[in-house]
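Student: Pasting in a structure now, in structure tokens, and then I'll have a few things to ask.
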Amino acid sequence: MAAQTIEALRSEVAGPAILPGDTDYEDARKVYNFMIDRRPAAVVRCMTDADVAAVVRHAAEAGLELAVRGGGHSVPGFGTADGALVADLSGLSTLTVDPAGRTARAGGGMTWGAFNDGAGAHGLATTGGIISTTGVGGLTLGGGIGYLARGYGLSCDNLLSAQVVTADGHLVTASADEHPDLFWALRGGGGNFGVVTEFTFQLHPVADIYGGPMFFELSDGEAVLSYFNDFIKTAPREYGGFPAFQIAPPLPFVPEDRVGEPFVALISCWSGSPSDGEKLLQGFRDVANPVAEHVGSMPYPALNSAFDALVPRGLQHYWKAEFVDDLSKEAIQAHMEHGPRVPVVNSTVHLYPINGACHDVAADASAFGHRDATYAVVIAGMWPDPADNDANTRWVKGYDAAIAPLSQGGGYVNFASGDDQAKVAVNYGANYDRLREVKRRYDPDNLFHLNQNIEP
């Protein structure tokens, strides 16, 4: 049945269907996280909405697993599965910017790097993650945390409409006026409801920003984290930075004898005037003297791509996430115990503030489930050698076990791992029951289940 389905599908789609045995199959089957090793029945590089609809219909009719791959950054590897039909959206990567209306239409396979370059050419941007190779689609559907969130809200808060292929293979528009229940669910409910082939976003005037990384001694870490916790409660919304634990990479601004050591880092993004940004960051220097820093004015897309080299495709990934109300003394102590044990330069821990404009949106206005959180914490275990999988996975789990009791009880779905299905309800938060109802309406047979799955 699978072979017949794929042969029939090949005759319907404009893009190539890559099968086992094809010369490019080995590369096509791999996703960003090389801990995931799956052999799909076919990878269809969709070029049109009709291609996506055809893949969805054939998977449903043949009873095949359906995997949807946008940027391919899913840590659990949801963009592939053994024996699955993979709808690879990388061919849907066009961007149309309306500078006068401050909107942009982005294809479902676009990455944030391409989006930021296109919008940035007009001095515009919207909230779009931390790593530029991340897909626009996956980030937005899970909520969308990024440098600009405190100023302009989550990525999903800037979504104006979406073109969606639903489980029955039809293309519909979801917006405040059309299919509003689907539009609500797409903004934080992940890939549970359909395949988004195009996103329309609100843009904002963001050209150059002032910021970059600062590295502080571990002995100053508690003071830096405590200062940040007080600072971020009333910080101007132009500030979108976050504290982190990071091993210093071999970069020119890092003293050569300190490369490879762990530090408490501060990554700053200030979208106001450089002089105001300089004054604001001086507050951190008054708390502790940075060991190294690379702070200045730069185009926003440059900051969004600054850490790409640390996280190339092909690493091993295992992550955990928690939403946090406040960095209490106990929480800071837990971070100071586990954060310095970050195993390799690729791994990191980020504490993203999601207050400011994120809190302007009512808790039930979109599906994003933890509007009252102040931080979204991610323990991002990433390393090159599979031989380190057991040890480094234990580090992530032990760290999470230490901070989870001090957290809200849920985590950001875009940072969840494949073994977090038991946390799905608490991760989606108070909106989970409504999400299940929308899921029943648009995908009653749970065709779209390779995700942080909401059962109908």
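The values are calculated or read from the model by the stated rules, or taken from the named source; none is laboratory data. Please read all numbers here as calculations on a predicted model, not as lab measurements. Note that each Cβ is placed from the backbone with ideal geometry, even for glycine, and that neighbours are counted across all protein chains shown.
Student: Can you tell which of Q246, Q202 is within 30 Å of R102 (Cβ to Cβ) and surrounded by 14 or more Cβ atoms within 10 Å (Cβ to Cβ)?
Tutor: When all the criteria are applied, what remains is Q202.
Student: Shifting gears a bit: Out of A114, A104, A125, report the one residue that is more than 15 Å from the chain's Cα centre (by Cα) and more than 26 Å from D51 (Cβ to Cβ).
Tutor: Exactly one residue qualifies, and that residue is A125.
Student: Name the one entry in G71, G63, G83 that is in contact (Cβ under 8 Å) with a residue 12 or more places away in the chain and within 22 Å of the chain's Cα centre (by Cα).
Tutor: The match here is G71.
Student: Further, regarding this structure: Please give the number of the condition V196 fails out of (1) touching a His at 6+ places or on another chain (Cβ under 7 Å); (2) aliphatic (A, V, I, L, M); (3) crowded, with 22+ Cβ neighbours inside 10 Å.
Tutor: Here V196 meets the rest and fails (1).
Student: From F199, F193, which residue is closer than 15 Å to K439 by Cα, under 24 Å from the mean Cα position of the chain (by Cα) and in the same structural domain as H122 (by TED's automatic domain parsing)?
Tutor: Only one candidate passes the filter, namely F193.
Student: Got a number for residues in the stretch 114-129 being modelled with pLDDT of 95 or more and either part of a loop (DSSP other than H, G, I, E, B) or in contact with a helix residue (DSSP H, G or I) (Cβ under 7 Å, 6 or more places away or on another chain) (or both)?
Tutor: 11
Student: I've got another one for you. Counting just the residues of the stretch 415-442 that are crowded, with 19+ Cβ neighbours inside 10 Å and over 19 Å from the mean Cα position of the chain (by Cα), which one comes out modelled with the lowest pLDDT?
Tutor: The extreme case among them is N431.
Student: Within the stretch 150-175, how many residues are over 14 Å from G240 (Cβ atoms) and hydroxyl-bearing (S, T, Y)?
Tutor: Residues meeting the conditions: 4.
Student: Of all residues in the stretch 211-239, count the ones that are hydroxyl-bearing (S, T, Y), more than 15 Å from F263 (Cα to Cα) and either outside the structural domain of G339 (by TED's automatic domain parsing) or surrounded by fewer than 20 Cβ atoms within 10 Å (Cβ to Cβ) (or both). Don't jump to the end; show me each part of the working.
Tutor: Kept after step one, since they are hydroxyl-bearing (S, T, Y), are these residues of the stretch 211-239: 219, 226-227, 234, 239.
Next cut, more than 15 Å from F263 (Cα to Cα) only: 226-227, 234, 239.
Keeping just the survivors that are either outside the structural domain of G339 (by TED's automatic domain parsing) or surrounded by fewer than 20 Cβ atoms within 10 Å (Cβ to Cβ) (or both) gives 226-227, 234.
So the answer is 3.
Student: Inspect all residues belonging to the stretch 111-120 and state whether any of them is of a type outside the set (A, V, I, L, M, F, W, C) and farther than 25 Å from A309 by Cα.
Tutor: No, the conditions are met nowhere in the stretch 111-120.
Student: For T133, all conditions in the list (1) outside any helix (DSSP H, G or I); (2) surrounded by fewer than 24 Cβ atoms within 10 Å (Cβ to Cβ); (3) more than 18 Å from the chain's Cα centre (by Cα) hold save one; what is the number of the exception?
Tutor: Status for T133: all satisfied but (3).
Student: When the stretch 256-281 is examined, which residues are found to be free of Cβ contacts under 8 Å to residues at least 24 places away in the same chain and either buried (at least 22 other Cβ atoms within 10 Å of the Cβ) or in a helix (DSSP H, G or I) (or both)?
Tutor: E256, D257, S275, K279
Student: Checking G429 against (1) at positive phi; (2) touching a residue at least 24 places away in the same chain (Cβ under 8 Å); (3) assigned to a loop (DSSP other than H, G, I, E, B): exactly one of these is not met. Which one?
Tutor: Unmet for G429, out of (1) at positive phi; (2) touching a residue at least 24 places away in the same chain (Cβ under 8 Å); (3) assigned to a loop (DSSP other than H, G, I, E, B): (3).
Student: A further question follows. Which number in (1) part of a loop (DSSP other than H, G, I, E, B); (2) under 30 Å from T80 (Cα atoms); (3) in contact with a strand residue (DSSP E or B) (Cβ under 9 Å, 6 or more places away or on another chain) marks the one condition that F253 misses?
Tutor: Among (1) part of a loop (DSSP other than H, G, I, E, B); (2) under 30 Å from T80 (Cα atoms); (3) in contact with a strand residue (DSSP E or B) (Cβ under 9 Å, 6 or more places away or on another chain), the lone unmet condition for F253 is (2).
Student: Count, please, the residues in the stretch 87-121 that happen to be buried (at least 21 other Cβ atoms within 10 Å of the Cβ) and farther than 19 Å from L139 by Cα.
Tutor: The total comes to 0.
Student: Of all strands (runs of 3 or more DSSP E) completely enclosed by the stretch 161-247, which ones contain at least 3 residues that are in contact (Cβ under 8 Å) with a residue 24 or more places away in the chain and touching an Asp or Glu at 6+ places or on another chain (Cβ under 8 Å)? Write out each step before concluding.
Tutor: Details: elements: 171-175, 195-202, 208-216, 242-247.
It comes to 208-216.
Student: Determine if the stretch 178-185 includes at least one residue that is within 29 Å of L303 (Cα to Cα), touching a strand residue (DSSP E or B) at 6+ places or on another chain (Cβ under 9 Å) and of a type in the set (D, E, K, R).
Tutor: no
Student: Now, a different point. Pairs, please: C-beta under 7 Å, at least 6 apart or cross-chain, first residue in the same structural domain as D326 (by TED's automatic domain parsing) and assigned to a helix (DSSP H, G or I) and in the stretch 390-413, second β-branched (V, I, T) and surrounded by 18 or more Cβ atoms within 10 Å (Cβ to Cβ)?
Tutor: V396/I379; Y399/I379; D400/I379; I403/V377
Student: Another one. In the stretch 353-362, is there at least one residue being out of contact with any Leu (no Cβ under 6 Å at 6 or more places or on another chain), surrounded by 15 or more Cβ atoms within 10 Å (Cβ to Cβ) and charged (D, E, K, R)?
Tutor: There is no residue in the stretch 353-362 that is out of contact with any Leu (no Cβ under 6 Å at 6 or more places or on another chain), surrounded by 15 or more Cβ atoms within 10 Å (Cβ to Cβ) and charged (D, E, K, R).
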